[in-house]
Ligand code: BG6
């Protein structure tokens, strides 16, 4: 795909909020992808409109993570395991990706972005890697994040495709697909809880890391749609809504915005981090689509 580019109807290189970005269009769908963080910030289909959420208070600046869309958490998730001063969720979401090219495959446009280890990333993550992000836009959105170990020694990493879904009101939606899965609850600090047989509903701050490879379906009667977050090669699913108090503590998150979003994240996080031997690679993928209710 290197140096190729689907024609301007399908791929446009633009500037948005002062940052370099791509506008991808195919099958009546459209996505916005920032090179900053390789971050998908919008995906709309002709039938369902916008499926993702971005805060009105999001900050678009080098060194800052954009609040919304699909930030890439890599090479660790949450706080760093041993170095509390290292950036939360790793450095990928604040790194500049390179646009490698795009092509039309049937009714889908596929853009490829890349990120490699550098002298700047070494103090945080002393390993040699080449990462490729493939964003496919068509009737559904597919985001595939591949990491290759290009060095001479093994390493481990965590990854999350931290998808912010737009919902009518998180208190009115339910999420199914996690029934029976065990999870760590970051709000109550309990480990190994088990999700019951009913779909998950939201009645307060929610921050859970599920052991689950299943797709999650968010049923949203207010929007008359189901949003489906499917995935491959992902053994963890993170579900997050900050609710009132945490939203107030975040400078880039409006105090009243929390009802309109829900994060459902395809991830591989501890104890399901990825181990890569030299020259091996792994791809974590999420596929976001919608159905009419
Ligand atoms: C979620 C985590 O995935 O991301 C939460 O589980 C965290 O604990 C949230 O608060 C947002 O993180 P950040 O670094 O973007 O504020």
Checklist entry - How much length, in nm to one decimal, is gained on full extension between residue 12 and residue 190, taken as 0.36 nm per residue of separation minus their Cα-Cα distance? => result 59.4 nm
Checklist outcome for this item: Cβ density ranking, 10 Å radius, fewest first, applied to 22, 161 yields 22, 161
Next on the checklist: I'd like the FRET efficiency for residue 114 and residue 64, computed as 1/(1 + (r/R0)^6) with the beta carbon distance as r and R0 of 30 Å, rounded to 0.05.
Outcome noted: 0.90
Checklist entry - At 222 nm, what helix-only mean residue ellipticity would the chain give, in deg cm²/dmol to the nearest 500, using -39500 (n - 2.57) for each DSSP H run of four or more? => result -500 deg cm²/dmol
Checklist entry - Order of 277, 286, 219 from fewest to most other C-beta atoms within 10 Å? => result 277, 219, 286
Next on the checklist: Restricted to Cα positions, what overall size does region 150-285 have along the principal axes? Three whole-Å values, descending.
Outcome noted: 50, 35, 29
Next on the checklist: Cut-off 14 Å, label point 7 angstrom out along Cα-to-Cβ of residue 103: give me the residues of region 4-25 whose amide nitrogen falls inside.
Outcome noted: 4-7
Checklist entry - Using the eigenvalues of the Cα gyration tensor, what equivalent ellipsoid semi-axes result for region 5-292 when each is taken as the square root of five times the eigenvalue, whole Å, largest first? => result 26, 24, 18
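In percent, how large is the relative contact order of the chain, given Cα pairs closer than 8 Å and 6 or more residues apart? Write down the numbers at each step before the final one.
Numbers: 814 pairs, mean separation 53.0, N = 293.
About 18 percent, as a whole number.
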Checklist entry - Tell me, in nm to one decimal, what length is gained between residue 270 and residue 1 on full extension, where the rule is 0.36 nm per residue of separation less the Cα-Cα distance? => result 93.5 nm
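Find the relative contact order for region 105-238 and round it to a whole percent, using C-alpha pairs within less than 8 Å whose residues are 6+ positions apart. Intermediate values should be presented prior to the final figure.
Numbers: 223 pairs, mean separation 22.4, N = 134.
Across region 105-238, relative contact order equals 17 percent.
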Checklist entry - For 124, 258, what ranking results if the residue with the fewest other Cβ atoms within 10 Å of its Cβ goes first? => result 124, 258
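Just so you know, all these numbers are worked out from the coordinates, no wet-lab data involved. As the structure is a computational prediction, the values presented were derived from the model and not from experiment. Counting neighbours? That spans all protein chains shown, and the Cβs are built from the backbone with ideal geometry, glycine included.
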